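These notes concern the structure reproduced below.
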Amino acid sequence: MRLAVASAIFTAATCLLVASGCASGESSTAADATNSGTTMAASGSTVSASPTTTAPASPSAAPAGPGCSLAAGSASAAGSAGAPPLQPGTTVQQTYQSGGRDHTYEFYIPTSYRADAPTPLVVAFHGSGINGAAHLAFTSLRADADAHGYLVAAPNGDGPFTWFAAGASMTDPKPDTALIDALLGDVAARACVDQTRRYAQGFSAGSGLIFALLCQPERQFAAYGGVSFALPVSQCPDTPPAPLIYFHGTADSSAGYQGASFGSFTIPPAPQIMSDWAAHNGCPAPPSETLVGSVQRQRWSNCTSGDDVQFYSIPGGGHTWPGGDPQIAAAIEAAFGATTTDVAATPLMWEFFSRYQSSGP
């Protein structure tokens with residue numbers, strides 16, 4: 001009950017502080033931690049990513065995809081048939097179909113976008129109680145996308161009791177698999193996406209989805225990032241390695257830093273989860289440790305898979321997004337705890353993501 005009430009407070013605070021922040025899309029209603037701990041999702045098919053040095057794409061490298069226009073200097077995308085041109089610097093709610101139903105996502109086009117240059121994509125999964133529009137505001141993703149030149153797709157969850165698609169579960173993840181595949185296909189039809197530079201990040205239940213995707217046998221994204229909910233690699237020891245960056249507050253009362261139990265499902269402490277994922281990636285122990293203000297950063301590098309792991313442990317941090325919007329952080333502090341300003345998860349995730357590239361879908 002406490003978590004459900006807190007979730008309602010989070011939703012109300014975010015929507016009131018951000019104009020039209022929750023005006024569109026669906027939002028789920030149950031508590032993040034309970035939902036994430038009892039529900040799993042699946043990914044589609046891509047290859048495991050490996051680190052590379054990336055550079056801005058040039059028009060001559062544009063793929064012959066439906067979302068790319070070869071008109072030099074064009075600021076609009078060919079997009080799906082009949083769709084209006086994409087306008088840089090704007091957010092548009094898009095509709096796509098999966099499982100015979102309409103679904104929506106908030107689509108942000110960075111100010112530097114060109115339809116003749118393949119552009120990286122970040123897919124952002126919100127937590128329970130909010131939707132994609134609120135997640136964009138909460139995480140300040142649009143400003144970071146403008147700074148670094150990437151597209152953002154923030155899908156709206158399908159509930160009613162979890163973030164994940166209606167009907168998806170640990171024993172039947174097919175609705176989620178289809179949902180994410182359809183989303184990626186729709187984005188690629190509307191915009192010029194660099195298919196080798198797709199990344200996924202999420203908060204709370206959305207972070208649970210990130211780890212569920214990591215547990216699948218094939219990769220849809222080149223790198224992954226989560227905040228405030230992690231799942232252990234012990235549930236999927238045969239999954240391939242993948243780059244991972246993660247943040248968790250030590251005073252998180254919704255998704256316990258020291259672990260929690262949800263029915264028969266037990267979540268280990270966050271430090272153990274991250275150490276185990278690093279070992280799974282073939283990263284030598286111990287990690288390097290650095291203090292960033294009060295925040296402890298652990299880095300596992302020189303991994304045999306080439307897929308590094310980073311973990312930010314936030315003393316006194318609550319169930320919040322590090323460095324998130326200060327107005328929203330203040331409004332939810334009483335219910336969800338403190339938000340650190342020593343680190344900011346959104347730019348740190350992009351810095352990590354940009355080191356990785358896959359061979360495409």
Once you keep just the Cα pairs under 8 angstrom separated by 6 or more residues, what percentage relative contact order results for segment 302-348?
39
Round to the nearest 0.05 the FRET efficiency obtained for T95 and L291 when R0 = 35 Å and r is the Cβ-Cβ distance.
0.15
If you count only protein heavy atoms with a 1.4 Å probe, what accessible area per residue comes out for segment 223-327, rounded to a whole Å²?
37
Using a 1.4 Å probe on the protein heavy atoms, what percent of the accessible area of segment 209-361 belongs to carbon and sulfur?
50
Calculate the length of the line joining the C-alpha centroid of segment 233-282 to that of segment 340-361, in whole Å.
19
Added length on full extension, which subtracts the Cα-Cα distance from 0.36 nm per residue, S359 to D342
2.6 nm
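The values are calculated or read from the model by the stated rules, or taken from the named source; none is laboratory data. None of these values were measured; they are calculated from a predicted model. As a convention, Cβ positions derive from the backbone with ideal geometry for all residues, glycine included, and neighbour counts pool all protein chains shown. The protein model used for the area step is the full one, side chains on, heavy atoms only, and it has no ligands, DNA or RNA in it. Shrake-Rupley method; radii C 1.70, N 1.55, O 1.52, S 1.80 Å.
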